[in-house]
Amino acid sequence: MPVAQSLEELPYAAYLQRHDEGPLEHDGNYTEVHLDGVELDGGEATNVKFIESALTGVALADVGLERARFSDVWLSRNRWLGVRLVETEWLDVSMLDSSLAGVQAYGSRLRRVVFQRCKIDTLNLRGAALFDVVFEDCELNELDCAGASLSNVTFPGTAIRNARLSQIKCKNVDLRGARELDVADGAESLRGAIVDERQLIELAPAFASALGIVVK
C-alpha cells in the first residue's frame with residue numbers, strides 16, 4: 001500500500017493545525033492536528049482519538065493511551081518508550097522512521113497499518129488482531145504475538161528476532177521477505193504462514209523442538 005513520505009503528501013495536510021497546548025487529555029478528540037516535537041513523560045490520556053492527524057518528532061515515555069483510536073494518522077520520527085496502547089484501534093495508520101521500546105499494545109486491533117524503517121523492541125501484541133499490516137525494513141526484537149490473529153500481514157526487508165508466537169492464528173501471513181526470522185517459541189502456530197526454503201531450514205530446530213523431535 002502506498003505510504004506518504006512527507007507531511008505535504010497527506011491528503012489532509014492543508015487542514016492540519018499545530019497543537020502544542022500541553023499534555024493530552026482523557027477522551028480528547030484531536031482531529032486534523034499536527035503534534036511536532038512534543039515531549040511527554042508520564043500521564044494518562046485514555047480513550048483519546050486522533051483522526052486525520054500527524055505526529056512528528058513526538059517523544060512519549062510511560063504515557064497511558066489505553067483504548068485510544070488512531071484513524072488516518074501519519075507518524076514520523078517518533079520515540080515511544082513504555083507507552084501503554086492497550087486495546088487501541090488503528091485504521092489507515094503509517095508509522096515511519098520511529099523507535100518503540102517496551103510498548104504494551106495487547107488486545108489492540110490494527111487494520112491497514114504500515115510500519116516503515118522502524119526499530120521496535122519488546123512490543124507486546126498478545127491477543128491483538130492485525131489485518132492488512134506491513135512491517136517494511138524494520139527491526140523487530142522480542143516481538144510477543146501470543147494468541148494474536150494475523151491476516152494479510154507481510155514483513156518485507158524486516159529482521160524478526162526472538163519472536164514469541166504461541167497460539168497465534170495466521171491467514172495469508174507472508175514471511176518470505178523477512179531478512180531474518182528467529183522464533184523463540186510458538187513455531188508450531190505458524191500454520192497458514194508462507195516461508196521460503198531458506199527460512200524453512202532456519203526454522204527446522206524450532207519446529208523440531210515444538211514437535212518433541214530429538215535430532216542427533
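Within segment 150-193, whose backbone N sits under 17 Å from a point 7 Å along Cα→Cβ of residue 117? Residues 156-159 fall inside that zone.
Take the chain with all the other protein chains still there, run a 1.4 Å probe, and you get 48 Å² of accessible area per residue.
Here each label is just a point 7 Å from Cα along the line to Cβ, and for residue 4 and residue 132 those points are 1.8 nm apart.
Once backbone amide H atoms are built at 1.01 Å from N, residue 25 has no partners under 5 Å, excluding neighbours fewer than 5 places away on the same chain.
Modelled spin-label separation between residue 149 and residue 44, with each label point placed 7 Å from Cα along the Cα-to-Cβ direction: 2.9 nm.
Taking max minus min of the alpha-carbon positions on each principal axis, segment 126-216 gives extents of 40, 25, 22 Å, largest first.
Using alpha carbons only, how many degrees (0 to 90, rounded to 10) separate the axis of helix 197-211 from the longest principal axis of the chain? With rounding to tens, the tilt is 80 degrees. By the Stokes-Einstein formula, at 0.890 mPa s and 25 °C, segment 1-141 with its Kirkwood radius over alpha-carbon pairs has D equal to 166 µm²/s. On the protein heavy atoms, probe 1.4 angstrom, tell me the percent of accessible surface of the chain carried by carbon and sulfur. Carbon-and-sulfur percentage of accessible area, whole number: 48.
What does the charge add up to near residue 116, with Lys and Arg as +1, Asp and Glu as -1, over the other residues with Cβ less than 10 Å from its Cβ? My count for the surroundings of residue 116 gives -2. By the equivalent-ellipsoid construction on the alpha carbon gyration tensor, segment 1-83 comes out with semi-axes of 21, 14, 12 Å, ordered largest to smallest.
Distances between every pair of Cα atoms in segment 54-104, grouped in 5 Å steps from 0 to the bin holding the largest one, split as 7, 21, 27, 36, 9 percent. Our coupling estimate for segment 16-32, obtained by passing each phi through the Karplus curve with A = 6.51, B = -1.76, C = 1.60 and θ = phi - 60°, is 5, 10, 5, 10, 9, 9, x, x, 6, 9, 4, 6, x, 10, 10, 10, 6 Hz, Gly and Pro reported as x. Multiplying the residue separation of residue 213 and residue 25 by 0.36 nm and subtracting their alpha-carbon distance yields 62.3 nm.
The values are calculated or read from the model by the stated rules, or taken from the named source; none is laboratory data. Every value quoted in this text rests on a predicted model; they were computed, and no experiment measured them. Glycine also receives a Cβ, built like all others from the backbone with ideal geometry; neighbour counts cover every protein chain displayed. For accessibility, only protein heavy atoms count, side chains too; no ligands or nucleic acids. Shrake-Rupley method; radii C 1.70, N 1.55, O 1.52, S 1.80 Å.
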